[in-house]
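What follows is a single structure, written as structure tokens, with notes after it.
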Amino acid sequence: MAVTPPVVLTIAGFDPSSDAGITADIKTIAAHEWYGIACITALTVQSTRGVRRVEPVSTKLVAETLGELISDFAVEAVHIGMLGTEEVVKAVADFLGQTALPHVVLDPILKSSSGADLVNAAGTGLLIEKLLPLAELVTPNLDEAAVLTGLPVTNVSEMREAATRLHALGSANVVVTGGHLDRAIDLLSFTTARGIETEVFKADRQRSNSTHGTGCAFATALACHLAHGRGLPEAVLLSKAYISAAITNAYPLGHGVGPVHHLYRSGQHRRSSTIVSEAEHAHSRN
């Protein structure tokens with residue numbers, strides 16, 4: 001009998017191009033061999049060329065969906081992405097406060113890569129007040145860290161200052177992602193028995209037009225690794241390696257900034273199976 005995989009819940013918006021959002025999260029969860037369930041917070045009209053329109057899902061529907069899912073599944077990690085409105089932020093915060101689910105990873109999505117607002121100002125304020133303290137890990141990029149903290153965040157030193165400010169706002173653990181720097185630098189600032197410690201993860205920046213949704217995939221991969229019981233430094237290292245490989249193996253799609261290849265590992269598995277089958281077939285002929 002097959003082993004039941006851990007269940008990871010993603011709470012995020014729907015991107016019809018599957019570059020980012022719920023469908024990309026589900027692909028990332030599947031790539032890590034976990035089982036993904038989802039609550040959609042907003043519908044969008046978008047493609048690789050950018051976001052054209054956002055239509056929030058009703059707060060009642062979000063709350064009912066989350067309640068129904070948690071009544072049926074044993075959730076072992078949660079990824080939170082785009083929330084859209086102050087009301088939805090409050091509904092998700094109330095849900096998490098009541099259920100105390102493990103391994104909550106908050107990706108504080110405030111704007112799309114094309115510049116569209118994905119949560120209003122009141123929602124951002126409530127996210128800081130209510131959701132930051134409930135998350136095990138918060139994963140802002142440079143721009144998001146700047147908005148959340150009110151500080152400039154353009155280099156590693158400023159990433160450290162932003163992380164310190166986020167801890168003061170209630171975040172237990174923070175990864176400030178710097179994929180847009182000259183080198184892809186991520187700063188992990190995490191709480192240990194010895195106090196706050198930091199680790200810096202560096203990689204060469206990949207020149208690719210297939211990078212849409214990297215933040216979503218990174219945060220979702222982190223939730224998967226935390227559900228597996230890995231420590232934060234290892235989870236960040238493995239998630240960063242996953243994103244790098246997903247960019248490397250991406251194929252060109254659309255006329256804008258294309259998606260990473262979330263399921264590149266499935267192709268590797270097929271190739272391995274083919275090689276084994278061919279080897280066995282050749283052996284049977286000898």
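Within region 116-138, does at least one residue satisfy the condition of being out of contact with any strand residue (DSSP E or B) (no Cβ under 7 Å at 6 or more places or on another chain), open to solvent by 70 Å² or more (accessible area, probe 1.4 Å) and basic (Lys, Arg)? Yes, region 116-138 has at least one match.
Which members of region 192-214 meet the condition of being among the polar types (S, T, N, Q), open to solvent by 50 Å² or more (accessible area, probe 1.4 Å) and closer than 24 Å to residue 164 by Cβ? Once the filter is applied, which keeps residues that are among the polar types (S, T, N, Q), open to solvent by 50 Å² or more (accessible area, probe 1.4 Å) and closer than 24 Å to residue 164 by Cβ, region 192-214 yields only 198.
Going through 187, 131, 101, 151 one at a time, which residue ends up being part of a helix (DSSP H, G or I), hydrophobic (A, V, I, L, M, F, W, C), modelled with pLDDT of 95 or more and over 15 Å from the mean Cα position of the chain (by Cα)? Matching residue, one of 187, 131, 101, 151: 131. One residue stands out among those in region 139-162 that are of a type in the set (Ser, Thr, Tyr) and surrounded by fewer than 23 Cβ atoms within 10 Å (Cβ to Cβ): the one that is farthest from residue 196 (Cα to Cα), which is 154. Scanning region 19-46 for residues that are buried (at least 17 other Cβ atoms within 10 Å of the Cβ) and hydroxyl-bearing (Ser, Thr, Tyr) returns 23, 28, 41, 44. Considering (1) in contact with a strand residue (DSSP E or B) (Cβ under 6 Å, 6 or more places away or on another chain); (2) open to solvent by 10 Å² or more (accessible area, probe 1.4 Å), say which one residue 263 fails and leave the rest. Answer for residue 263: the failing condition is (1).
Pairs are defined by a Cβ separation below 7 Å, a sequence spacing of at least 6 or placement on different chains, a first member in region 146-169 that is hydroxyl-bearing (Ser, Thr, Tyr), and a second member that is in a helix (DSSP H, G or I); the pairs so defined are 149/162; 149/165; 149/166; 154/142.
For region 203-232, a residue qualifies if it is assigned to a loop (DSSP other than H, G, I, E, B) and farther than 17 Å from residue 254 by Cβ, and the qualifying residues are 205, 206, 207, 228, 229, 230, 231.
When each of 71, 112 is tested for being at pLDDT 95 or above, open to solvent by 10 Å² or more (accessible area, probe 1.4 Å) and hydroxyl-bearing (Ser, Thr, Tyr), the lone residue that passes is 71.
The values are calculated or read from the model by the stated rules, or taken from the named source; none is laboratory data. Everything numeric here is computed off the predicted structure, so don't read it as measured data. Quick reminder, even Gly has a Cβ in these numbers, built from the backbone with ideal geometry, and neighbours come from all protein chains shown. All accessible areas refer to the heavy atoms of the entire protein, side chains included, with ligands and DNA or RNA removed. Shrake-Rupley method; radii C 1.70, N 1.55, O 1.52, S 1.80 Å.
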